Structures are given as C-alpha cells and as structure tokens.
Amino acid sequence: MIALEQVTVHAGAFVLRDLSLVVPAGSHTALMGRTGAGKTTLLEAVCGLRPVSAGRIVVGSRDVTRESPAARGVGLVPQDGALFQHLTVREHLAFSLVVRHWDRDRAGARVDELAAWLRLGPLLDRRPAGLSGGEVQRVALGRALAFHPDVLCLDEPLSALDDDTRDEVCDVLADIRRRTGITVLHVTHNRREADRLADRILRLHDGRIESNGD
Amino acid sequence: MNQDPSHRPPVATRGSDRWFLACLALLGGTYVLLLAATVAADVLYTTPGHLWRALQSPEIRHAIRLSLVSCSLTTLLSLWVAVPIGYLMTRIRFPGQALLDALLDIPIVLPPLVIGLSLLILFQAPPLRALERVFPVTYAVPSIILAQFMVACAFAVRTLRATFEQISPRHEQVALTLGCTRAQAFWLVVLPSARKGVLTAATLAWARALGEFGPILVFSGATRMKTEVLPTTVYLELSVGNLEAAVAVSLLMVAAAVAVLLVLRGQGLSNAFGRPL
C-alpha cells in the first residue's frame, strides 16, 4: 500500500499542497494528468527523492516520510530507464543485491529468476549501449524488482516506445504483477495503457487527486 | 501569381557552394599552416645528433625526470581535488556559488607570472614561513608541483564539471532507491560513468603541468639540477645561446603534446562508437 496524507511537496517554484491519495495493497494504480501537473514530483516524494515539507507518506505499513530512499523499499523505473552504462544487464539485475550484501548463490538465483520472467537471458552479458527501447525498460524493471520492493513506481516507462514494443512491455508488466502481486503506482499519459494495466485510474488536476472510477 | 519565379529562393549552385567552402578553408588553413610550419621548422632545425646530445646531458636528463615526476604528482593532486569540486558544483546549489565559480576560473585567466608571484607572496606569510623551516617549498621541488597544480587543477575542474553535468542525476537517484547511500551511488554509479571525463581531465592536467613555465620561474627559480623542468631547460639553453639544445628539448615537448592529443582523440573516437575505454 502507498498512502499520502496531506502531503506538501516543493519542486522549485512549483508546489503540490495538502495532497492525499491511497494506492491499496496489490493494486496497479495509474496516475494521469497534464504535463507539469506534478505527477513525477509526487512519484519522487514517494521514492524519497524529494523531501516533503508537510504531511506523511506510508509505504506498506511503515511511515517512511523521513526515511532515506534506500530504506523505503520502493522500486523505481524512470522514463528513460536510466541504465548504468558501465554495467552489464546481469550486473543491473544484481545491483541492489550486491549493495545489500546478498550471498553470491542467492543473488545468482534471483538474477536467473528475473532474467526468465523478463526474457533477458540472452542479454545478460550485454551492456546498455545497443539494447532496444523495450529491452532497456525490461532491464530497468528487473533492476527495480530484484530486492523484492514493497511497491513499484513507474514513471512513464512506456512513453518512448513504439506501439509493438509498448504492447510487449505491457504484457511483461501484467505478468510481473500476476507473479508478485506487487503494488504499482504508474504515472502515464496514455489512457489505453492505463485501461489495459491499471485497476484504478487517478487524475492529478490543479493539485488535486480525482478518481476516474475503479 | 504563385508561378512567378521571383517568389522562389535563388537556387544555390554547386559552384557557389564550392566558393563558400573554399573561402572558409582558406581562412582556417592559414592558422593550420602556421601550426604545421612551426613544428616543421623545429624538426628541420634539429638533427638526430642534437637530440642525442640533449638526451645525454645530465642536466636535461634531470629536467626530463623532474618534469615527468612533478607532472604526474600534479595530475594526481589535481584529480584528487577536481573530482569533488566538479561533483559538488554540479549537484549542490548553495549561496555564493557564482562567486566560487568565478574564483575557480582565476588560474585560467590570470597571467602565469602573477600566479607565481602570488604564491611567492603567500609563502611569505608567517605560518607558511614557519612551515618552510621544516618542509622547504619555495625554490625547492614542492614549489614546482604547487605552481603546476595551481593552473592544471583549474583545467581539471572545468573538464570534470562538464563531465558531471552530462551525467543525469536520475542515475544517482535510481541508485539511491536501490539501496545505495549517497557515497555508494557516487562510487558505484557516478564515478564509473565519469571515467572518460576523469581520463580527459588527467591528460589535460598533465599536459598543462608539462608546459607550465611562468609560475615555476618566479616561485621555484631556475636552478640547474634542482628546480629545472623542461620549459626551464628551453629558457636556460636559449639564454646561453645554445639554440640546438633548446630546439631539441622543445621537440621532446612537442612529442609529449602530440602523445597527449592522441590519447584525447582516442577517447573521442571510443565515445563516438559508444565503447568503454
């Protein structure tokens, strides 16, 4: 579950004030809204990348408002994937596990599991340069999922993909949710994508959350 | 009316394009010609015998050794300082940043002699004079490294600032969500992503240090077998009228400069092909 309770976030001159929303546990919630409405700012606040000046943020059953991004247990998939150019696909999948000092066998088993889910097996020893857009997003998804986060934040991960690749990554996202039951907060502009993946659609409009129906 | 030919832009002919490009080439070519001519003049003036005799001279060998050692130490010191400065200046916003930015450029715009003079005056301050009684700096080898460092580090800072600006903060933010502390995100993500920029900064710092003369002359003196680096050798040989040795040493420095340029170009090529170094 993700819950924002009367949260105020500043992003330069832009402010989101007294914002509240709940993403129920296990739900895939799409957050839509115009460009500049503050969707990414809100996502950054959930991830701990932007401090909140008022209110509280709950992830799972914990109040994470003052916790560091590392301690929140939130997986983030940014718009462009933001892959690390010096690491192979395998190293991306293992990154959070190495940071957490998982032993080699356990980390290896988790990497193999993710590679099978995300169909990354043949790419494991490749570096990001030369990967297709869909492959980049699958790697970014695997990297975010590796440490068993409580929730997954997707920041328009399909916006730069062509229609066929978007369908392919949509299938992967639906499959991941079926396997893990993870709570997803998905920022998107694309209504079709939201209809296909989300069981709840919210709109961020004039600094307020509006529900588009469950 | 639309068919009136006067509405159409004049059609560029291949001939006019050629003239335009030829004019640009002529203007740029004069500078290229001057550069090539100066290198050629040095090469034609000297002979293998001059070079050999220069390399046999104990003073020049000492200057080569001192130049290589001091430039390498200066490069390490410059990176040690420029990496944190470059990173902080691109990632943190703080009051007085514009002023600090201008301060960091001072060694680039200041006349080299003034840098040497400023260092000399600084080391007249009582605390530093006390230090010099234990650890001599002025007119000793450490002064060479300090004089080179003052200028070379400014170039390393500029290069690394540009490098860190090109690395999206999003990468670091993702690393934080994956469990990294800020320090881990820096070591595991930012610094490896900046490796080409670090190498470029190191190469530039080394090359700048090798060519540094003004601050060294003022702050370190020009004592043979003591504070003599390669530019000092050129100056000393010229001052006693030994043009052959001066040109031979100059050619060594030209060779070093070409080697540095090749390293930089190599990086550019690997960048273009998207391959890691």
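The values are calculated or read from the model by the stated rules, or taken from the named source; none is laboratory data. Note that the structure is a prediction, hence the values are computed from the model and not measured. For neighbour counting, all protein chains shown are included, and Cβ atoms are generated from backbone atoms with ideal geometry for every residue, glycine included. The protein model used for the area step is the full one, side chains on, heavy atoms only, and it has no ligands, DNA or RNA in it. Shrake-Rupley method; radii C 1.70, N 1.55, O 1.52, S 1.80 Å.
Results, tabulated for the structure shown:
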quantity	calculated
Between segment A:18-69 and segment B:186-224, the Cα center-to-center distance that results, in Å	45
Cα-based Rg / Dmax (Å) for segment A:34-78	10.7, 31
Interface burial for A against B (accessible surface, 1.4 Å probe, total of both chains, Å², rounded to 100)	1700
Using alpha-carbon coordinates, inclination of helix A:133-145 to the longest axis of chain A, degrees	80
Heavy-atom surface of segment B:75-233, accessible at 1.4 Å and reported per residue (Å²)	46
Percent accessible area from carbon and sulfur atoms, segment A:1-64, protein chains only, probe 1.4 Å	52
Which of B:His171, A:His186 is most accessible, then next, and so on - probe 1.4 Å	B:His171, A:His186
Solvent-accessible area per residue, Å², over segment B:22-64 with all protein chains present [probe radius 1.4 Å]	71
Global form of chain B, assessed from the alpha-carbon gyration tensor, a/c cut-off 1.5	oblate
Summed residue charge, Cβ within 14 Å of B:Ser78's Cβ, Lys/Arg positive, Asp/Glu negative	+2
Over 22 Å [Cα-Cα, segment A:1-118], rounded percent	45
Hydrodynamic radius of the protein assembly as shown per Kirkwood, over alpha carbon pairs, in Å	27.3
Gyration tensor (alpha-carbon) shape descriptor, segment B:105-244, a/c threshold 1.5	prolate
Over chain B, relative contact order from alpha-carbon pairs under 8 Å, at least 6 apart, %	28
Shape call, segment A:156-214: gyration tensor on alpha carbons, a/c limit 1.5	oblate
Rg over Rh [alpha-carbon atoms, Kirkwood Rh] for chain A	0.96
Chain A: relative contact order in percent, alpha carbon pairs under 8 Å with at least 6 residues between	30
Solvent-accessible surface ranking, highest first, for A:His92, A:His101 at 1.4 angstrom	A:His101, A:His92
With every protein chain in place, segment A:122-214: carbon and sulfur % of accessible area (1.4 Å)	41
Folded to 0 to 90 degrees: helix A:104-117 orientation relative to chain A principal axis, Cα	80
Mean residue ellipticity (222 nm) of the protein assembly as shown, computed from DSSP H runs ≥ 4 via -39,500 (n - 2.57), nearest 500	-19000 deg cm²/dmol
Relative contact order of segment B:64-229, defined on C-alpha pairs under 8 angstrom at six or more residues apart (%)	43
Positions from segment B:162-187 whose accessible area shrinks by 10 Å² or more when the full protein complex is built, not the chain alone, probe 1.4 Å	B:Arg170, B:His171, B:Gln173, B:Val174, B:Leu176, B:Thr177, B:Leu178, B:Gly179, B:Cys180, B:Gln184
Sulfur and carbon atoms: percent of accessible area, chain B [1.4 Å]	72
Share, in percent, of DSSP beta bridges within the protein assembly as shown that are antiparallel, nearest 5	55
Antiparallel bridges, percent of DSSP beta bridges restricted to segment A:78-214 (to nearest 5)	45
Heavy-atom accessible area per residue - segment A:64-114, 1.4 Å, Å²	44
Delta accessible area of at least 40 Å² on complex formation, residues of segment A:35-59, 1.4 Å probe, chain isolated as reference	A:Leu49
Helical segments meeting 30 Å axial Cα length and Kyte-Doolittle -0.5 threshold in chain B (DSSP H)	B:14-45, B:58-91, B:141-166, B:243-272
